[in-house]
Amino acid sequence: MKKIKFALKKDFNDIVPPNSAKHYLPEWYRNTPKALDSNNEDVINHRSTFKACVPFMDSMISGYVFELWQDINIIQDENMPRITWKDNSSPVLGIRDFALSGNMPTPIGCHDIHYILKHPLYIKTPPGYSILITNPLNRYDLPFLALSAVVDSDKEPFFPGNYSLFLKKDFSGVVKMGTPLLQIIPFKRDDWSSEIDNSIIIDGQKASKKSLRTISGWYRDNAWSKKKYE
């Protein structure tokens, strides 16, 4: 098993380091049934929800999640949001000069303010492995939207600094300690080339036909490979 290493800078040793993403499935996911019908053997009426989609679930439990380490309070004012927290010895957010965003558009539904998360993370991966850091996947319910970055963290560790966030306009109130902020997914670097190969159409059509013979679970039982992040 490959090993990703995490550490926190001085004075942050009492906060939660990145933890397996499987521990951060939200209540709206947990409380959704896999099918809308009580009788899952009813071929005519069976309607699967998104919870029966293994690729959707796989994205949410891949890698590790870094969570907010103290409560922050957000008050939406007319001009710009007011964001406060109690422990100023470990500041959470700053603001970057928006001109430095260049021509990058503001994410829809977010304020035109480029926040920076003052994170305390060190991350080291084995030789040949990088990390994708991104907003927790499929978590559009969260108040912050993190931008995505790929970091080669094997030759030199990823170290504490500023990570870009945007705040959604429709959120006000307390963002609780423990709220997911970033998802960190290690991956192996390989060189790739692309080509057109129509033979995969035949294979895909065969797989599609086989999948229609089962009510649910074909992908999970025949194509999916389980991943493990501890």
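The values are calculated or read from the model by the stated rules, or taken from the named source; none is laboratory data. Only a predicted model underlies this, so the values are computations on that prediction, with no experimental measurement involved. We place every Cβ from the backbone using ideal geometry, glycine too, and count neighbours over all the protein chains shown. Only protein heavy atoms, including side chains, enter the accessible area calculation; ligands, DNA and RNA are left aside. Shrake-Rupley method; radii C 1.70, N 1.55, O 1.52, S 1.80 Å.
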Note to self: So I have (i) 11.8; (ii) 18.6; (iii) 17.2, and one of them is mean projected area of the Cα convex hull in nm² calculated from this model. Which one is it?
What the structure shows: (iii)
Next item on the list: State the Cα centre-to-centre distance between the range 51-87 and the range 136-193 in whole Å.
Entry: 9
Next item on the list: List the trypsin sites (Lys or Arg not before Pro) within the range 173-230 that fall in a DSSP loop (any state other than H, G, I, E or B) and whose Cβ has at most 16 other Cβ atoms within 10 Å.
Entry: Lys176, Arg189, Arg213, Lys226, Lys227, Lys228
Item checked: Among Ser48, Gly63, His114 - extreme Cα towards positive end, dipole of the range 1-119, charges at beta-carbon -> Gly63
Item checked: Spacing of the two label points (7 Å from each Cα toward its C-beta) at Arg47 and Asp152, in nm -> 5.0
Notebook entry, point to check: Once phi is turned into θ = phi - 60°, what whole-Hz ³J(HN,Hα) does the Karplus curve with 6.51, -1.76 and 1.60 give for every residue of the range 83-91, x standing for Gly and Pro?
Noted result: 10, 9, 8, 8, 8, 6, 6, 10, x
Checklist line | In order through the range 126-131: 3J(HN,Hα) via Karplus (6.51 cos²θ - 1.76 cosθ + 1.60), integer Hz, x for Gly, Pro | finding: x, x, x, 10, 10, 10
Note to self: If I fit a long axis through the Cα atoms of helix 199-211 and take the longest principal axis of the Cα atoms of the chain, what angle between them do I get, 0 to 90°, rounded to 10?
What the structure shows: 80
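Test of the criteria: in the range 77-110, which trypsin sites (Lys or Arg not before Pro) are in a DSSP loop and have at most 10 other Cβ atoms within 10 angstrom of their Cβ?
Lys86
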Notebook entry, point to check: Given the Cα-Cα distance of Ala7 and Tyr219 and 0.36 nm per residue of separation, how much length would full extension add, in nm?
Noted result: 72.6 nm
Next item on the list: Could you tell me which chymotrypsin sites (Phe, Trp or Tyr not before Pro) in the range 182-225 are loop residues by DSSP with no more than 16 other beta carbons within 10 angstrom of their beta carbon?
Entry: Trp192, Trp224
Next item on the list: Quick one: net charge around Gln70, please, counting Lys, Arg +1 and Asp, Glu -1 for every other residue with C-beta under 9 Å from its C-beta.
Entry: -1
Notebook entry, point to check: So what is the relative contact order for the chain, in percent, with contacts set as C-alpha pairs under 8 Å and at least six apart?
Noted result: 25
Checklist line | Phi to ³J(HN,Hα) by Karplus 6.51 cos²θ - 1.76 cosθ + 1.60 over the range 156-162, Hz, x for Gly, Pro | finding: 9, x, 5, 10, x, x, 10
Notebook entry, point to check: Can you pull the percent of the chain's accessible area that's carbon plus sulfur, 1.4 Å probe, other chains left in place?
Noted result: 53
Item checked: Heavy atoms of Glu195: accessible area, 1.4 Å probe, square angstrom to 10 -> 150
Checklist line | the range 79-230 - charge dipole about Cα centre, Lys and Arg +1 at Cβ, Asp and Glu -1, debye rounded to 20 | finding: 620
Notebook entry, point to check: Given 0.36 nm per residue, what is the gain on full extension from Tyr122 to Trp28 after removing their alpha carbon distance, in nm?
Noted result: 30.7 nm
